[in-house]
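None of the figures in this text is laboratory data; all of them are computed from the coordinates on show. Model, not experiment: these values are computed from the prediction. Cβ: placed from backbone, ideal geometry, glycine included. Neighbour counts: every protein chain shown.
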2 protein chains.
Amino acid sequence: MPDLSTWSCPLPLRDYPNIVMGHGGGGQLSSELVQHLFLPAFSNSALANLGDASVLARPQGRIAISTDSFVVRPLFFPGGTIGDLAVNGTVNDLSMIGATPLYLSAGFILEEGFPISDLARIVACMAEAARLAGVEIVTGDTKVVERGHGDGCYINTTGVGVVPDQVNIGPSRVCSGDVIIVSGHIADHGMAIMSVREGLEFESSILSDCAPLNDLARVLLQAGGSDRVHAMRDPTRGGLAATLQEIASASDVGVLIEEAAVPIRGETRSACELLGLDPLFVANEGKMVAFVDPSVANGVLSAMRNHPLGRDAAIIGTAVAERKGMVLAKTAIGGHRVIPIQLGEQLPRIC
Amino acid sequence: MPDLSTWSCPLPLRDYPNIVMGHGGGGQLSSELVQHLFLPAFSNSALANLGDASVLARPQGRIAISTDSFVVRPLFFPGGTIGDLAVNGTVNDLSMIGATPLYLSAGFILEEGFPISDLARIVACMAEAARLAGVEIVTGDTKVVERGHGDGCYINTTGVGVVPDQVNIGPSRVCSGDVIIVSGHIADHGMAIMSVREGLEFESSILSDCAPLNDLARVLLQAGGSDRVHAMRDPTRGGLAATLQEIASASDVGVLIEEAAVPIRGETRSACELLGLDPLFVANEGKMVAFVDPSVANGVLSAMRNHPLGRDAAIIGTAVAERKGMVLAKTAIGGHRVIPIQLGEQLPRIC
């Protein structure tokens, strides 16, 4: 694969260093963008056909589809870019239902004036993230909107994966007694975005945890067995709290977590305290939470800890028969607090 | 299906008549938007699971994927809305490679302040277009960006379809001697958009031709046989000219069309003349062009003319061995002109 991190345009893309409306027009400028920028980065046989759609192999299993648009601000942040976020976000959504992600589409909405060198950097990150996750970007689309009607670059990725016939994972399968495991430190992504936005900067640098979870999910399913792993989710927007609430309200249980057991890095906790944010509500982009049968909890936990993305995995609580639909946290001083459902998101545009 | 054209909110969506940042936050407001607006419109079992991804049946054949973002301005125009455009555009891209479209994802990027009643109207149009095309909207995503960083509503749709094993359609199969058929009047969509944009209005009302082409493509393939239908394309951005050029440059032929044979409505032609636009370059959203073996051309043409969307189908030219990669038009006065490749698009944001 060509190294696009130091990309400079071999042909001058008609001497336009920035995106112009014509790059979205379907004519020669669009074609040059595809030929000189997207194709070298995403090279694969399906994409090379350059049709409006790509034809792929007959999948072995049911198919799964997931879509996400990415509007993160800024586009480049400590530990990641909108490019790897766009790939990993959709890879992770597919992984959380037990699917093996195979193919991604990429739809760009670019603002007139956006530097082509920034686009090249984003595209290089997407290509690298796709390579790491083992997925192919097989079809794409680029639209350009006038200056003042976008924010540089928005990306939609839609993923297609296969789900083996016996795998059937979802919140409705969660039972009272299930053990809740989180794969590592929470709240890093949201705080990394905050650290560069609006002029806020912290002494220590917090990096986004942006990562593909498909391999960790595979290891987890292998260790627990697909009948005893009941639900998996990646706690992105709204953080761990929103994810636990979604699972509680879609199942027939209450969720009880031990606040002190939730892994949080010291610097992330300090940054949250400084800004008055609750880390349970701050977004992650490379973490997962699983509800598993108690009989396999320890096996799953040690399998996760042997995986590079699960080294800090921890049991944080259990599903309980009482307080159905609610999430409760046992606090450090021994009391219980109800984790409220938030109306919106305390940090907008973190993905 | 509920009638959403006269939609008014049963629950007051927390009394917000317009989109606020929190509608994209993954919390309670996001959830209300999904429960009260998207689910009633798009109702199907896959969507009802409300996971981050949807699991679907094992497809019978190879799968095809296509993606498109829609940034059309204005959102509502004569003959259509961004909603039916977003569904039909992706349905058509899949249809043109011989795929049967099955599933769509829908990704919304909404601007803070966008009226929820407008969103409901768009969503109702998407639901109706999906019903007409026989596809299901199985997964979705909503992001909200701050006022001044969007343009009301952008939509990405990504479609998944199946391609029967024997079907293999694409420009590389085009041969010299192939007959070129267009399914009806061209340039209506682009001129309908122009008629309402920038204060330009014509006496007669030109309607967008926005329509799903999957059934017409099926009829065409049935009439011609999948081995004798060599290429199909829907001439959207860049119009018929850009589509013919793409096919010419991706195959080993030249393209020769008879300008007088290209069907154009009188009012559309007048509007183009008034604005100095060449109708060959103006976008369509419900037309297709096919390159077929001469032995089946008449059969294909009459099959198309028996279909409601192909009543005005016409043979407009042939693929020739000379002038490889070029598109030539025989003009009304008997000369030939080269149809040039355009740099961009004469009418930005028509889809």
Legend entry - Ascending list, in nanometres, of distances separating the A:Ser302 label from those of the other copies (7 Å, Cα toward Cβ): 7.6
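Please work out the ratio of the alpha-carbon Rg of the stretch B:199-351 to 2.2 N^0.38 Å and round it to two decimals. Numbers along the way, then the final one.
Details: Rg = 15.6 Å, N = 153, 2.2 N^0.38 = 14.9 Å.
Normalised by 2.2 N^0.38 Å, the Cα Rg of the stretch B:199-351 equals 1.05.
So which chymotrypsin sites (Phe, Trp or Tyr not before Pro) in the stretch B:194-292 pass both tests, a DSSP loop state and at most 12 other Cβ atoms within 10 Å of the Cβ?
Nothing satisfies the criteria.
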Legend entry - Antiparallel %, DSSP beta bridges [both residues in chain B], to 5: 75
Inset, instruction - With just the Cα atoms of the protein assembly as shown, tell me how far they stretch along each of the three principal axes, in Å, largest first. - result: 91, 53, 48
Legend entry - Cα long-axis angle, helix A:266-275 against chain A (0 to 90 degrees, to the nearest 10): 80
Inset, instruction - With runs of 4+ DSSP H residues as the only contributors, calculate the mean residue ellipticity of chain A at 222 nm using -39,500 (n - 2.57) per run, divided by the residue total and rounded to the nearest 500. - result: -8000 deg cm²/dmol
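Inside 10 Å of the C-beta atoms of A:30-36, what's the mean count of C-beta atoms belonging to other chains?
On the way: counts 7, 7, 1, 0, 0, 0, 0.
That works out to 2 on average.
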Legend entry - Angle in degrees between helix B:116-133 and the longest Cα principal axis of chain B, rounded to the nearest 10: 50
Legend entry - the stretch A:215-351, relative contact order in percent, only Cα pairs under 8 angstrom and at least six apart counted: 41
Inset, instruction - Note down the net charge around B:Thr90, summing +1 for each Lys or Arg and -1 for each Asp or Glu among other residues with Cβ under 10 Å from its Cβ. - result: -4
Legend entry - Radius ratio Rg over Rh of chain A, counting only Cα atoms, Kirkwood formula for Rh: 1.00
Legend entry - Ascending list, in nanometres, of distances separating the B:Gly177 label from those of the other copies (7 Å, Cα toward Cβ): 7.4
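Please give the average number of partner chain Cβ atoms lying within 10 Å of the Cβ of each residue in B:337-344, rounded to a whole number. Working shown, then result.
Details: counts 0, 0, 0, 2, 3, 7, 11, 12.
Average neighbour count from other chains, rounded to a whole number: 4.
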Legend entry - Between 0 and 90°, nearest 10: helix A:214-224 axis offset from chain A longest Cα axis: 30
Legend entry - Mean Cβ neighbour count within 10 Å, used as a protection proxy, ranking B:294-305, A:144-155 highest first: A:144-155, B:294-305
Legend entry - Calculated label separations, A:Ser226, copies of the chain, 7 Å along the beta-carbon direction, nm: 2.8
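Can you give the relative contact order of the stretch B:13-163 as a percent, counting alpha carbon pairs under 8 Å and 6+ residues apart? Could the numbers behind the result be given before it?
Working: 278 pairs, mean separation 57.8, N = 151.
That works out to 38 percent.
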Inset, instruction - Would you mind counting up the charge near B:Ala48? Only other residues with Cβ under 15 Å from its Cβ, with Lys and Arg at +1 and Asp and Glu at -1. - result: -3
Legend entry - Sequence-separation-based contact order of chain A, relative, with Cα cut under 8 Å and 6+ spacing, percent: 22
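Residues of B:99-106, mean number of Cβ from any other protein chain within 10 Å of their own Cβ, rounded to a whole number? Working shown, then result.
Numbers: counts 3, 0, 1, 2, 3, 3, 9, 2.
Across the residues of B:99-106, the mean count of other-chain Cβ atoms within 10 Å is 3.
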